[in-house]
Amino acid sequence: MPPTASSPTPRGGVPRYAEIAADLRRRIVEDELAPHTLVPSERELSELHGVSRMTARHALTVLANEGYVYRRTPRGTFVAEQRHVFRIGSFSREVERGGRTPTAVVLSAEVGEADTAAATALGLVPGAPVHVVRRRRSADGEAIALETSVFPVALTPGLLEADLTGSLWELLAATYGVVVTTARATLASVVLDDESCRLLDAVAATPGTRLERSAYDADGRCVEFARDVYRSDRAVFEVEADVTR
């Protein structure tokens, strides 16, 4: 039997919810729908596209997970602001590059012991003393990320007594003569836990991006090992690679 307007999958094989999501995504990207404006409701989408309300709800859920819309019960679903674009590196520099103001709130700063991953990255033995700084990072006052940065104690004496609310890379350069020239990271998609959602002012089960990041000086020495978590609905990452090698 040929597919009808209410079929979940049309002749081309693309699910109807994906088609509806793609149409709304295009309208958002092309500024037909401005930030914080109400998007069509499930009922309106189901009537417009001849699908069930469940299919329309699925389309809106896809867009919410991608960060294009957000829900405010019982008012409806709204267009989200444009997400911040980051490259792997300094949060402060990337936010400033986008014309916004970065800030940091120190959640904790203490001497700890390097776990296996941190010790391997920093060239230490497991259990070696390290400075561990955990911060909430914001852009124009909007919470975006949680950073946990680890530094060798021997490299950064007195770090915990310094002002840790600015760029830590600038602090390394100004105080210790350590200049970061390269950063590498692995990224993974996660669902933010309850504590992260609370700290980032996000709704429960907000999708996130987890980075395990290492920063190096000009001699190739790892000077920082970090684990960062970003709100995926507020941040995307731009990656460039040399594909000729």
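The values are calculated or read from the model by the stated rules, or taken from the named source; none is laboratory data. Just so it is clear, the model here is predicted, and its values are computed rather than measured. Positions of Cβ are generated from backbone atoms using ideal geometry, with glycine treated the same way; all protein chains shown enter the neighbour counts. To get the accessible areas, we keep the full protein, side chains included, count just its heavy atoms, and leave off ligands, DNA and RNA. Shrake-Rupley method; radii C 1.70, N 1.55, O 1.52, S 1.80 Å.
General remarks:
- Counting only residues that are outside any strand (DSSP E or B), at pLDDT below 95 and within 13 Å of Ala143 (Cβ to Cβ), segment 198-237 holds 6 of them.
- Of residues in segment 14-36 being in contact with a helix residue (DSSP H, G or I) (Cβ under 7 Å, 6 or more places away or on another chain) and of a type in the set (Lys, Arg), the one farthest from Asn65 (Cα to Cα): Arg16
- Meets criteria (under 18 Å from the mean Cα position of the chain (by Cα), more than 26 Å from Asp219 (Cα to Cα) and either surrounded by 13 or more Cβ atoms within 10 Å (Cβ to Cβ) or of a type outside the set (D, E, K, R) (or both)) for Val190: yes
- Where a residue in segment 33-62 is more than 18 Å from Thr73 (Cβ to Cβ) and its partner, wherever it lies, is part of a loop (DSSP other than H, G, I, E, B) and β-branched (Val, Ile, Thr), with Cβ under 7 Å and at least six apart: Leu33/Val39
- Cross-chain or 6+ apart pairs with Cβ under 6 Å, segment 170-198 first and more than 20 Å from Ala117 (Cα to Cα), then open to solvent by 40 Å² or more (accessible area, probe 1.4 Å) and in a loop (DSSP other than H, G, I, E, B): Ala173/Val179; Thr181/Ala218; Val191/Ala205; Cys197/Ala204
- Residue satisfying condition, being open to solvent by less than 40 Å² (accessible area, probe 1.4 Å) and either at pLDDT 95 or above or closer than 18 Å to Tyr230 by Cα (or both), within set Val95, Val125: Val95
- Scanning segment 20-56 for residues that are part of a helix (DSSP H, G or I) and crowded, with 17+ Cβ neighbours inside 10 Å yields Ile20, Ala21, Leu24, Arg25, Ile28, Glu42, Leu45, Ser46, His49, Thr55, Ala56.
- Condition met for Ala173 (part of a strand (DSSP E or B) and open to solvent by 30 Å² or more (accessible area, probe 1.4 Å)): no
- The residue of segment 57-66 that is nearest to His84 (Cα to Cα), among those that are open to solvent by 30 Å² or more (accessible area, probe 1.4 Å) and touching a helix residue (DSSP H, G or I) at 6+ places or on another chain (Cβ under 7 Å), is Val62.
- Against the numbered list (1) over 18 Å from Thr148 (Cβ atoms); (2) of a type outside the set (A, V, I, L, M); (3) crowded, with 19+ Cβ neighbours inside 10 Å, Glu238 comes up short only at (3).
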